[in-house]
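Reading through the structure tokens given below for one structure.
The values are calculated or read from the model by the stated rules, or taken from the named source; none is laboratory data. Predicted, not measured: the structure shown is a model, and the values here were computed from it. Here the Cβ positions follow ideal geometry from the backbone for every residue, glycine too, while neighbour counts run over all protein chains shown. When the accessible area is computed, the model is the full protein with side chains, heavy atoms only, and any ligands, DNA or RNA have been set aside. Shrake-Rupley method; radii C 1.70, N 1.55, O 1.52, S 1.80 Å.
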Amino acid sequence: MTLPSEPPRAPARADTAAPPPAFDCQRCGACCAYFRVSFYWGEADDAPGGTVPVALTRPVNAHLRCMAGTEKRPARCVALAGEIGHDVACTIYAQRSSSCQELQPGDDKCLRARAAHGLETVPASATSPDPAQLPSPSASR
């Protein structure tokens with residue numbers, strides 16, 4: 001008796017690749033001032049188990065809320081403190097929504113937001129030479 005072979009696996013999606021290192025969210029904040037930060041209403045603290053302060057949210061529809069300030073253009077989350085591209089912080093970091101938690105430094109959304117704010121979209125580490133790869137000074141003599 002022949003056992004069926006394992007079904008073929010789907011190829012890895014490009015958007016799930018590891019993000020480039022070296023983007024520092026605390027020196028950026030572009031995503032917080034570009035996207036509407038929407039999430040399921042049950043994530044707000046007026047629902048059992050919710051953590052996002054409801055006073056900082058706005059209704060989107062019967063099932064969704066968004067962070068205040070992100071429902072309009074130009075967007076800027078009310079929980080974002082600081083200057084985009086320099087020194088920023090989320091004032092509700094421990095209570096932030098799942099949509100904020102899912103966004104990762106260097107992912108597609110991050111890069112789109114950075115580009116919209118005129119920030120670099122290639123990490124400095126990707127453009128800086130690795131010192132170990134540089135020729136030694138004695139090699140040029």
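I'd like the full set of residues that are open to solvent by 50 Å² or more (accessible area, probe 1.4 Å) and farther than 20 Å from R112 by Cα, limited to the range 71-85. Show your work before the answer.
First, the residues of the range 71-85 that are open to solvent by 50 Å² or more (accessible area, probe 1.4 Å): 71-74, 76, 78, 83.
Matches in the range 71-85: V78 only.
Among the residues of the range 22-45, those that are open to solvent by less than 90 Å² (accessible area, probe 1.4 Å), in a helix (DSSP H, G or I) and at pLDDT 95 or above comprise C31, C32, A33, G42, E43.
Being under 22 Å from L119 (Cα atoms), in a loop (DSSP other than H, G, I, E, B) and either open to solvent by 90 Å² or more (accessible area, probe 1.4 Å) or modelled with pLDDT under 95 (or both) narrows it down to one residue among P48, P19, P7, P11; which is it?
Answer to the check: P19.
Of all residues in the range 51-70, which are open to solvent by less than 20 Å² (accessible area, probe 1.4 Å) and assigned to a loop (DSSP other than H, G, I, E, B)? Let's see the steps before the verdict.
The first filter runs over the range 51-70 and keeps only residues open to solvent by less than 20 Å² (accessible area, probe 1.4 Å), leaving 52, 57, 66-70.
Once the filter is applied, which keeps residues that are open to solvent by less than 20 Å² (accessible area, probe 1.4 Å) and assigned to a loop (DSSP other than H, G, I, E, B), the range 51-70 yields A68, G69, T70.
Would you call R96 modelled with pLDDT of 95 or more, surrounded by fewer than 18 Cβ atoms within 10 Å (Cβ to Cβ) and either out of contact with any helix residue (DSSP H, G or I) (no Cβ under 6 Å at 6 or more places or on another chain) or aromatic (F, W, Y) (or both)?
On the way: modelled with pLDDT of 95 or more: yes; surrounded by fewer than 18 Cβ atoms within 10 Å (Cβ to Cβ): no; either out of contact with any helix residue (DSSP H, G or I) (no Cβ under 6 Å at 6 or more places or on another chain) or aromatic (F, W, Y) (or both): yes.
When the stated conditions are applied, R96 does not pass them.
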